[in-house]
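Visitor: The structure under discussion is supplied below as structure tokens; questions concerning it will follow.
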Amino acid sequence: MKITNVEAIPVTNAGPGGGHRTFLFVAVDTDEGISGVGEAGFTGRELAVMGAIEHFRPLLIGQDPMRTEHLWQLLFRGGFFPAQRVLGAAISAIDIALWDIKGKAAGMPVYDLLGGRVRDRVVCYPHNHGHGAGVEGLVASCRETTAAGWKFARWGLADEGDGTFEPRRAVDTAVAQFAAVREAVGDEVELCFDVHTRLDLADSVRLCRAVEPYRPYFIEDPLRSENPDSFKTLRPRTAVPLAAGEHFSSKWEFRQLIEEELIDHARIDLCLVGGLTEARKVAGWCETHYIKVSVHNPLGPVATAACLHLNLATPNVGVQEQAAHPGAVLPDVITGQPTWEDGHLLPPTGPGLGVALDREAAGRHPFAPVDLPRLLRRDGSVTNW
């Protein structure tokens, strides 16, 4: 079997399930008629990733798709400069598609190729809404998802609603929200909170220590990702579990946080870190340090399927991010999306990832670049979104 083509397929979703946002799928075709589908991360920079895929296509045509490790090394190291965000997203999509091909060729789900299931279902958390307006809207959203069967609630640090962000007010609001949500949903529902890298060390310490009584499942991205060494200062100053890693595009970027046990949850993004090939290495490394894998998955249905297969075959899994119910985003473009039941995703039974790309349907969702939001402090300086 040989690779005959690699095609980038960007689409825009305008439906209610995923909001107005863009997705980048990648199809890899072979001379035996078996095709695989992957998905790239790096939302808002799809044109850059598509350029990377153009560079990779001639390297891949004629190659054996079964040699996933060899092809990962070729793409990561073959341009002299080590791959990072843009190239990492392109490698991820291609790698996921290659694993899809391997599963289809073997007539097996990808999780069987990864060692077989270690669990019968994967617990997920939703994206709750209303946190930007204070407390009442968020509490209503958390009660709604809890009643629907979700075992987790998740929200993030609020901005001012006018494109500005002030840390002190945001931290105060978050602490009030924690108290209200914990009272509303009880002790059995787990609470995840995303700082989204918006706070500096002092403000993050204040937030983490203030919410300790409400037992968060984790506080995500409490600091910016550029300097993981700062977690050495934060970690001993709070008892809450910490989560980070969604910005990382290789195992090497995870090194310090894992080796020094500075986090409790690794937020591996399969569509940025290098696909299933690299994610498996990071997950095994985490296992030796008792760190849970809680994948970052605010993306599309192919990412959901890939995360599900990884989690079904990985022993040290915490929770899977699931921004929307399977089938709510581009169901005509990606068919066979996983089944959700009582807060969990269930194992697919078909070969490969279990999903299929309808390229004709993708053409009915023309791509239009969408920028991510931006935030400023009140003095006009840039802060993280």
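The values are calculated or read from the model by the stated rules, or taken from the named source; none is laboratory data. In this text, all values refer to a predicted model and were calculated from it rather than measured experimentally. When we count neighbours, we look across all protein chains shown, and the Cβ atoms used for this are built from the backbone with ideal geometry, even at glycine.
Visitor: Name the single residue that is nearest to the chain's Cα centre (by Cα) among those in region 235-268 being buried (at least 22 other Cβ atoms within 10 Å of the Cβ) and of a type in the set (A, V, I, L, M).
Guide: Going through the qualifying residues, I end up with I268.
Visitor: Pull out all pairs, ordered by first then second residue, where Cβ-Cβ is under 8 Å, the residues are six or more apart or on different chains, the first lies in region 310-330 and is without any contact (Cβ under 8 Å) to a residue 60 or more places away in the chain and assigned by TED's automatic domain parsing to the domain that holds V282, and the second is basic (K, R) and surrounded by fewer than 24 Cβ atoms within 10 Å (Cβ to Cβ).
Guide: Pairs that qualify, where the first residue is without any contact (Cβ under 8 Å) to a residue 60 or more places away in the chain and assigned by TED's automatic domain parsing to the domain that holds V282 and the partner is basic (K, R) and surrounded by fewer than 24 Cβ atoms within 10 Å (Cβ to Cβ), are N316/K292.
Visitor: Which one of these does D64 not meet: (1) under 23 Å from A305 (Cα atoms); (2) among the acidic types (D, E); (3) not in a helix (DSSP H, G or I)?
Guide: In the conditions (1) under 23 Å from A305 (Cα atoms); (2) among the acidic types (D, E); (3) not in a helix (DSSP H, G or I), D64 misses (1) alone.
Visitor: Just the residues that are under 15 Å from R206 (Cβ atoms), in a helix (DSSP H, G or I) and in contact with a strand residue (DSSP E or B) (Cβ under 8 Å, 6 or more places away or on another chain), please, taken from region 226-244.
Guide: Passing the criteria: only L234.
Visitor: Checking the condition part of a helix (DSSP H, G or I), touching a residue at least 12 places away in the same chain (Cβ under 8 Å) and of a type outside the set (A, V, I, L, M), which residue from C286, C271 passes?
Guide: Values: C271 fails: part of a helix (DSSP H, G or I).
Residue meeting the stated conditions: C286.
Visitor: Separate question: Any chance region 326-349 includes a residue that's farther than 20 Å from G38 by Cα, surrounded by fewer than 24 Cβ atoms within 10 Å (Cβ to Cβ) and among the hydroxyl-bearing types (S, T, Y)?
Guide: no
Visitor: A further question follows. I'm checking my understanding of the structure. Among residues of region 1-27 that are hydrophobic (A, V, I, L, M, F, W, C) and more than 12 Å from R359 (Cα to Cα), which one is modelled with the lowest pLDDT? Give the steps one after another, and end with the answer.
Guide: Kept after step one, since they are hydrophobic (A, V, I, L, M, F, W, C), are these residues of region 1-27: 1, 3, 6, 8-9, 11, 14, 23-27.
Narrowing the set further to residues that are more than 12 Å from R359 (Cα to Cα) leaves 1, 3, 6, 14, 23-24.
Working: M1: 97, I3: 98, V6: 98, A14: 78, F23: 97, L24: 98.
Selected residue: A14.
Visitor: From the residues in region 166-224 that are part of a loop (DSSP other than H, G, I, E, B) and aliphatic (A, V, I, L, M), which one is farthest from P373 (Cα to Cα)? Walk me through how you get there before you give the answer.
Guide: Our first condition is that a residue be part of a loop (DSSP other than H, G, I, E, B); within region 166-224, this holds for 166, 186-189, 195-200, 215-217, 221-224.
Next cut, aliphatic (A, V, I, L, M) only: 189, 195, 199, 223.
Details: V189: 30, V195: 15, L199: 17, L223: 19 Å.
So, considering only residues that are part of a loop (DSSP other than H, G, I, E, B) and aliphatic (A, V, I, L, M), the one farthest from P373 (Cα to Cα) is V189.
Visitor: Of everything in region 29-59, what is over 25 Å from N13 (Cβ atoms) and acidic (D, E)? Give them in sequence order.
Guide: Scanning region 29-59 gives D31, E32.
Visitor: Something else about it: Read through the list (1) touching a His at 6+ places or on another chain (Cβ under 8 Å); (2) in a helix (DSSP H, G or I); (3) of a type in the set (A, V, I, L, M), then give the number of the only condition that V11 fails.
Guide: For V11, the exception is condition (2).
Visitor: Find the residue count for region 294-306, including only residues that are crowded, with 23+ Cβ neighbours inside 10 Å and within 18 Å of W150 (Cα to Cα). Full working, then the answer.
Guide: As a first pass, look at region 294-306 and keep what is crowded, with 23+ Cβ neighbours inside 10 Å: 294-297, 299-306.
Remaining after also requiring within 18 Å of W150 (Cα to Cα): 294-297, 304.
Of the residues in region 294-306, 5 are crowded, with 23+ Cβ neighbours inside 10 Å and within 18 Å of W150 (Cα to Cα).
Visitor: Is it the case that some residue within region 76-90 is outside any helix (DSSP H, G or I), touching a residue at least 60 places away in the same chain (Cβ under 8 Å) and in contact with an Asp or Glu (Cβ under 9 Å, 6 or more places away or on another chain)? Even if it seems obvious, please write down each step before you answer.
Guide: Applying the first criterion (outside any helix (DSSP H, G or I)) to region 76-90 yields 78-84.
From what's left, touching a residue at least 60 places away in the same chain (Cβ under 8 Å): 82-84.
Subsequent filtering for residues that are in contact with an Asp or Glu (Cβ under 9 Å, 6 or more places away or on another chain) retains 84.
The answer is yes, given that some residue of region 76-90 is outside any helix (DSSP H, G or I), touching a residue at least 60 places away in the same chain (Cβ under 8 Å) and in contact with an Asp or Glu (Cβ under 9 Å, 6 or more places away or on another chain).
Visitor: Kindly indicate which of A105, A97, A158 is touching a residue at least 24 places away in the same chain (Cβ under 8 Å) and not in a helix (DSSP H, G or I). Reasoning before the result, please.
Guide: Values: A105 fails: not in a helix (DSSP H, G or I); A97 fails: not in a helix (DSSP H, G or I).
Of A105, A97, A158, the one residue that is touching a residue at least 24 places away in the same chain (Cβ under 8 Å) and not in a helix (DSSP H, G or I) is A158.
Visitor: Scanning for something more than 20 Å from R359 (Cβ to Cβ), without any contact (Cβ under 8 Å) to a residue 60 or more places away in the chain, among the aromatic types (F, W, Y) and outside the structural domain of A283 (by TED's automatic domain parsing), does region 31-45 turn up at least one residue? I'd like the intermediate steps shown before the answer.
Guide: Start the filter on region 31-45 by keeping residues that are more than 20 Å from R359 (Cβ to Cβ), which leaves 41-45.
Among the residues that remain, those that are also without any contact (Cβ under 8 Å) to a residue 60 or more places away in the chain are: 45.
Those still in the list that are among the aromatic types (F, W, Y) too: none.
No, because not a single residue in region 31-45 is more than 20 Å from R359 (Cβ to Cβ), without any contact (Cβ under 8 Å) to a residue 60 or more places away in the chain, among the aromatic types (F, W, Y) and outside the structural domain of A283 (by TED's automatic domain parsing).
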